[in-house]
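Participant: Submitted below is the structure of interest, expressed as structure tokens.
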Amino acid sequence: MGKRVGIPRSLLYYIYYPGWKKFFEELGAEIVLSPPTNKKILDLGVKDSVDEVCLPVKLYFGHLEVLKDKVDYLFVPRVISISKKEWICPKFIGLPDMVKAQLKDLPPMISPDLNMRKSRKGLYNAAVEAAEPFTKSSIKVLKALYLALREQRKFKAKLKTGLTPIDILEKRENKRVNEKKTVQDSLVIALLGHPYLIYESFINMDLIRRLREMGVRLVSPEMIEDKTLNKNAALQPKSLFWTLNKKVMGAGYYFLSTQSVDGIIQMAAFGCGPDALVNELVERRVRRDGNIPLLSINIDEHSGEAGLVTRLEAFIDMIKLRRGMG
């Protein structure tokens, strides 16, 4: 049995888990994934993290707590940049330091620096660093990285067919394909937000399931080609340098310019400055150009299910009335 590497089911899990899993398994490691978020994990995260961080980071701490005694290593990468001339949110840059400062009795952490701001060579450097506990062979690292990138491309291609990351990661693909064949969705709703918000069903009160049960077809930034997202994000006079927020804004502008959806739901983490800015930019564009209803939802550990469900049902009912479906 290989060394056990723990990966939290949180934050960038919704974007990169297929590649991460393939990379470490090719190096002979056994992947241990934390369970889906529950109240215990949330409570642990709130207790262990500092008050100033957003809810997704607090959840990350909770996932690490339930993993740390079950693995030989914890994978906590320091993600600095994933695109040329852009940055990722500061909380990802400081994540390994926050974890070391706040959590006790941790196993060794695998915390490679991923910095692709200047060139893609930063990806190889991160792979070499992540592989250190398993191999010193550059050939083995290159092979594992190649196969991991191939797995990521397959994952992204599936997303472009209308599947969400949780459909794929939780093995619901066949179910969704069958539903598409038998159900004609009446409304198309765009979900705007980071993957670790819109696909984290515990903190968003199972938003995707609720919308689908209302007969809604969902679209999200992950289902749009990167070139299209960047082209629409460029409509903003000053370019954003936060990669993930830029994708959200590009998707919002795309849906508004094409008028391809019946409504937009944008989700943000309470206390996140970049989220607040992007949501404001999208709202201004809606007021200026749009005839598309918009619902903004801020999420923190105090968000209540009853209030969200009431707002969601009212939003969908309002759209149906506008379309003469009421």
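Participant: Looking at PRO108, PRO90, which is the one that is in contact with a Leu (Cβ under 8 Å, 6 or more places away or on another chain) and open to solvent by 30 Å² or more (accessible area, probe 1.4 Å)? Quick ask: steps written out before the conclusion?
Facilitator: Numbers: PRO90 fails: in contact with a Leu (Cβ under 8 Å, 6 or more places away or on another chain).
PRO108 is the lone residue from the list that is in contact with a Leu (Cβ under 8 Å, 6 or more places away or on another chain) and open to solvent by 30 Å² or more (accessible area, probe 1.4 Å).
Participant: On to the next question. Has the range 77-94 got at least one residue that is of a type outside the set (S, T, N, Q), out of contact with any Asp or Glu (no Cβ under 9 Å at 6 or more places or on another chain) and at pLDDT 95 or above?
Facilitator: No, the range 77-94 has no match at all.
Participant: Give me a count of the residues in the range 54-84 that are open to solvent by less than 30 Å² (accessible area, probe 1.4 Å), under 21 Å from GLU301 (Cα atoms) and touching a helix residue (DSSP H, G or I) at 6+ places or on another chain (Cβ under 8 Å).
Facilitator: Matching residues across the range 54-84 total 11.
Participant: Filter the range 29-57 for residues that are β-branched (Val, Ile, Thr), in a helix (DSSP H, G or I) and within 19 Å of the chain's Cα centre (by Cα) and give the result. If you could, list the steps in order and put the result at the bottom.
Facilitator: First, pick out the residues of the range 29-57 that are β-branched (Val, Ile, Thr): 31-32, 37, 41, 46, 50, 53, 57.
After this cut, where a residue has to be in a helix (DSSP H, G or I) as well, the list is 41, 46, 57.
Listed by number, the residues that qualify are ILE41, VAL57.
Participant: Hey, another quick one. Yes or no: LEU103 open to solvent by less than 30 Å² (accessible area, probe 1.4 Å), out of contact with any strand residue (DSSP E or B) (no Cβ under 8 Å at 6 or more places or on another chain) and at pLDDT below 95? Show your work before the answer.
Facilitator: Working: open to solvent by less than 30 Å² (accessible area, probe 1.4 Å): yes; out of contact with any strand residue (DSSP E or B) (no Cβ under 8 Å at 6 or more places or on another chain): yes; at pLDDT below 95: yes.
Criteria met by LEU103.
Participant: Let me ask you something else. Quick one: which residue in LEU207, LEU281, LEU240 is open to solvent by less than 50 Å² (accessible area, probe 1.4 Å) and either closer than 17 Å to GLY162 by Cα or basic (Lys, Arg) (or both)?
Facilitator: Values: LEU281 fails: either closer than 17 Å to GLY162 by Cα or basic (Lys, Arg) (or both); LEU240 fails: either closer than 17 Å to GLY162 by Cα or basic (Lys, Arg) (or both).
The match here is LEU207.
Participant: Which condition from (1) within 20 Å of the chain's Cα centre (by Cα); (2) crowded, with 16+ Cβ neighbours inside 10 Å is the one that GLU129 breaks?
Facilitator: If we test GLU129 against (1) within 20 Å of the chain's Cα centre (by Cα); (2) crowded, with 16+ Cβ neighbours inside 10 Å, just (1) comes out false.
Participant: If you don't mind, there's one more thing I want to ask. Give the range 10-50 a look and list any residue that's more than 22 Å from ALA144 (Cβ to Cβ) and open to solvent by 30 Å² or more (accessible area, probe 1.4 Å), or say none.
Facilitator: Passing the criteria: PRO35, PRO36, ASN38, LYS39, LYS40, ASP43, LEU44, VAL46, LYS47, VAL50.
Participant: Show the residue pairs that are 6+ apart or on different chains and have beta-carbon atoms under 7 Å apart, the first residue being within the range 144-157 and closer than 18 Å to MET223 by Cα, the second being open to solvent by less than 30 Å² (accessible area, probe 1.4 Å) and part of a helix (DSSP H, G or I).
Facilitator: Final answer for the pair search is GLU151/PRO18; GLU151/GLY19; GLN152/PRO18; GLN152/GLY19; PHE155/PRO18; PHE155/ILE168.
Participant: Going through the range 306-322 one residue at a time, which ones are surrounded by fewer than 12 Cβ atoms within 10 Å (Cβ to Cβ) and not β-branched (Val, Ile, Thr)? Outline the logic, then answer.
Facilitator: Restricting attention to the range 306-322, the residues satisfying the condition of being surrounded by fewer than 12 Cβ atoms within 10 Å (Cβ to Cβ) are 306-307, 310, 314, 321.
Correct list: ALA306, GLY307, ALA314, LEU321.
Participant: In the range 218-237, which residues are open to solvent by 50 Å² or more (accessible area, probe 1.4 Å) and free of Cβ contacts under 8 Å to residues at least 40 places away in the same chain? Break it down stepwise before answering.
Facilitator: Just the residues of the range 218-237 that are open to solvent by 50 Å² or more (accessible area, probe 1.4 Å), to begin with: 225-227, 230-231, 234-235, 237.
Within the range 218-237, ASP226, LYS227, ASN230, LYS231, ALA234, LEU235, PRO237 meet the criteria.
Participant: Could you tell me which numbered condition LYS121 fails, if it satisfies all but one of (1) within 24 Å of LYS227 (Cβ to Cβ); (2) open to solvent by less than 80 Å² (accessible area, probe 1.4 Å)?
Facilitator: (2)
The values are calculated or read from the model by the stated rules, or taken from the named source; none is laboratory data. Nothing here was measured: the structure is a model prediction, and the numbers come from that model. FYI the Cβ positions are ideal-geometry reconstructions off the backbone, even for glycines, and counts take in every protein chain you see. Ligands, DNA and RNA are excluded from the accessible area calculation, which covers all protein heavy atoms including side chains. Shrake-Rupley method; radii C 1.70, N 1.55, O 1.52, S 1.80 Å.
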